[in-house]
Structures are given as structure tokens and as C-alpha cells.
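Here's the structure, in C-alpha cells; my notes come after.
Each value in this text was obtained by applying a stated rule to the coordinates, not by laboratory testing. These figures come from a predicted structure and were not determined experimentally. When we count neighbours, we look across all protein chains shown, and the Cβ atoms used for this are built from the backbone with ideal geometry, even at glycine.
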Ligand SMILES: Nc1ncnc2c1ncn2[C@@H]1O[C@H](COP(=O)(O)OP(=O)(O)OP(=O)(O)O)[C@@H](O)[C@H]1O
Ligand SMILES: [Mg+2]
């Protein structure tokens with residue numbers, strides 16, 4: 001059974017159809033990358049998978065471990081093992097990283113003392129070079145790259161079955177791309193069953209977390225899929241050339 005199966009998914013936002021029939025299957029342990037021009041619907045897909053209330057599913061289905069999750073709240077989806085790192089992480093004043101994460105693991109039913117948990121959380125934040133950040137307000141005043149590192153540290157801590165990472169590499173300096181890439185590789189080594197859906201504009205992060213499949217989204221549809229080599233081709237030729245060649249053929 002596939003871990004995630006997206007069937008003919010059509011999604012509206014404020015009366016505009018954004019996703020126009022997306023099909024995608026991710027098996028346990030697979031890494032899939034989605035690339036595509038600005039505004040093609042990549043973040044919309046990620047947010048719909050997580051159950052964002054602004055997005056209305058008008059057709060199709062999303063199955064996780066064989067069961068439809070369309071009726072589940074974001075919280076319930078998280079409990080099933082779906083994690084999402086946002087393209088634009090929310091800033092929440094008055095809530096420290098450690099408090100938010102403690103709440104998250106409590107709702108997941110983890111049996112761990114607060115002291116033990118703090119140690120674990122700190123170790124993952126340290127691995128991303130931001131150990132002290134666990135006592136800061138969530139994302140408040142974090143630089144773009146610090147927010148992304150923090151999201152990855154949360155992923156490492158929570159150990160989901162499926163990690164949806166929306167432009168986890170945007171705003172990262174060259175060293176940070178390596179740090180984040182290596183952290184994701186390590187997460188995968190620790191848990192070979194971890195599946196990932198990586199949304200990215202740049203091929204570089206894929207050198208660290210090599211995708212099994214690469215998909216190109218254009219105008220709310222996946223128009224082309226291939227292996228890792230497709231990401232190299234896109235980097236070289238851009239979307240326009242590839243879209244044109246699809247229209248010709
Ligand atoms: N809440 C919303 N209200 C109105 N329009 C929206 C909303 N969310 C998404 N859209 C529109 O849907 C389209 C797809 O947006 P989306 O953010 O999914 O693109 P994307 O592929 O992630 O782009 P980028 O590469 O720039 O991040 C865009 O035209 C966007 O303006
Ligand atoms: Mg986006």
C-alpha cells in the first residue's frame with residue numbers, strides 16, 4: 001500500500017481553481033521532489049495535504065496509508081505522521097519554540113519527561129547550529145535561513161512518516177544548504193521509512209537528498225515526471241524549454 005496517494009485532486013481558493021487534477025503516489029521511504037514555476041500550485045498542494053482551511057477540495061481524494069484524510073483536521077493529520085515545513089513559517093509571539101514543541105509531542109502522546117524532551121530538542125537544534133533558539137519566541141525575529149533550520153530541527157525531533165518541505169532551501173546560505181541537506185540525509189539514515197515531498201526551485205538541495213522521482217508542476221497539474229536526472233535537465237534548460245517541448249510532442 002502506498003503511503004500517500006493523491007487522486008485527481010482539484011482545489012479551489014476563493015472561487016479560482018488552482019489545482020486542476022493532481023495525481024501523485026509516494027511509497028514508504030521514497031523521496032519525491034516537485035519543481036515548477038512561481039504560482040503553479042506547489043504550495044497550494046502542500047497546504048491542502050496539511051488541511052489548510054482556506055483551500056477547498058472540489059474533486060479527487062488524498063489517501064494516507066490507504067485512508068482518506070480529507071475530513072481530518074491539521075492536528076489529526078499531524079498525529080497520523082504528516083509533517084510540514086512551511087515556505088513562510090509563521091511567527092508566534094509569546095510562545096517559545098520549546099513550549100510549542102512540548103505541546104506537539106504531548107498531543108502525539110509521547111511518554112517523555114519535560115527535561116528529557118528539552119535535551120532531545122536542544123540536540124537537534126544544535127545539529128542545525130541554532131541550539132539556543134529553543135528558548136526564543138517561535139520564529140520571531142529569526143532570519144529567513146534560521147526559520148528554515150528551525151523547521152528542519154522540528155522535523156528531526158518529531159520523526160514523522162511523511163515530511164512535506166516547501167522550499168526548505170530558500171534563503172539559505174551555501175553552508176546552510178549543506179547543513180540542512182546533511183540533516184535531512186541523517187534523518188533518512190536513522191529512519192529509512194521516512195518519505196519526503198520536497199518542493200524546490202533549485203537542484204542543489206537534491207544533491208544531498210537524492211529524489212527517487214522528480215515532478216514538474218505547471219498551472220495546477222503535474223505535466224512531467226522523471227528521475228533525479230530530470231532536476232539536472234531543468235536546471236540546465238529551465239521550465240520554458242521543457243514546457244515547449246511537451247507542447248510540440
Ligand atoms: N489564499 C489564496 N488566495 C488567493 N490566491 C491564492 C491563495 N493561495 C494561492 N493562491 C494563488 O494560487 C496560485 C498558486 O499559488 P502557490 O502558492 O501554490 O504557487 P507556488 O507554485 O507555490 O509558487 P512559488 O514557487 O512562487 O512559491 C497563485 O496564482 C496564487 O496567487
Ligand atoms: Mg510556493
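Under 8 Å for C-alpha pairs, at least 6 residues apart: give me the relative contact order for the chain, rounded to a whole percent.
Values: 447 pairs, mean separation 65.0, N = 249.
RCO, the chain: 26 percent.
Quick one: if the Förster radius is 30 Å, what FRET efficiency do residue 189 and residue 15 give, using the C-beta to C-beta distance and rounding to 0.05? Before the final figure, lay out the partial values.
Details: r = 45 Å, r/R0 = 1.51.
Calculated transfer efficiency: 0.10.
Quick one: among 232, 121, 49, which has the greatest mean-square fluctuation in a GNM of the chain with alpha-carbon springs under 10 angstrom?
Among 232, 121, 49, the largest mean-square fluctuation in the Gaussian network model of the chain belongs to 232.
What do you get for the angle between helix 174-190 and the principal long axis of the chain? Use alpha-carbon atoms, 0 to 90 degrees, nearest ten.
That works out to roughly 80 degrees.
Taking 0.36 nm per intervening residue step and subtracting the Cα-Cα distance, what contour gain separates residue 90 from residue 110 on full extension? Could the numbers behind the result be given before it?
Details: separation 20, 0.36 × 20 = 7.20 nm, distance 2.44 nm.
My answer for the length gained is 4.8 nm.
Treating the angle as unsigned and between 0 and 90°, give the value, to the nearest 10°, between the Cα long axis of helix 97-107 and the longest Cα principal axis of the chain.
It is inclined by approximately 80 degrees.
What residue among 64, 83, 117 shows peak mean-square fluctuation when the chain is described by a Gaussian network model with Cα springs under 10 Å?
Comparing 64, 83, 117 in a Gaussian network model of the chain, the most mobile one is 117.
Top mean-square fluctuation among 61, 111, 212, Gaussian network model of the chain, C-alpha springs under 10 Å?
Of 61, 111, 212, the Gaussian network model singles out 111 as fluctuating most.
Across all directions of projection, what mean area in square nanometres is found for the Cα convex hull of the chain?
On the way: hull surface 54.2 nm².
Its average projected convex-hull area is 13.5 nm².
What is the helix-to-structure angle for 144-158, meaning the angle in degrees between its Cα long axis and the longest Cα principal axis of the chain, kept from 0 to 90 and rounded to the nearest 10?
So the helix axis and the longest Cα principal axis differ by about 80 degrees.
With labels modelled as points extended 7 Å from the Cα through the Cβ direction, what inter-label distance (nm, one decimal) is found for residue 237 paired with residue 99?
Taking the two extended label points, one gets 5.2 nm.
Per DSSP H run of n ≥ 4, the term is -39500 (n - 2.57); total these for the chain, divide by its residue number, and report the mean residue ellipticity at 222 nm rounded to 500 deg cm²/dmol.
When only DSSP H runs of four or more count, the value is -12000 deg cm²/dmol.
Give me the number: length gained by fully extending residue 212 to residue 59, i.e. 0.36 nm times residue separation minus the C-alpha to C-alpha distance, one decimal in nm.
Values: separation 153, 0.36 × 153 = 55.08 nm, distance 2.75 nm.
So the extension gain works out to 52.3 nm.
Over the stretch 115-209, what relative contact order in percent results from Cα pairs under 8 Å that are six or more residues apart?
Details: 105 pairs, mean separation 26.8, N = 95.
That works out to 28 percent.
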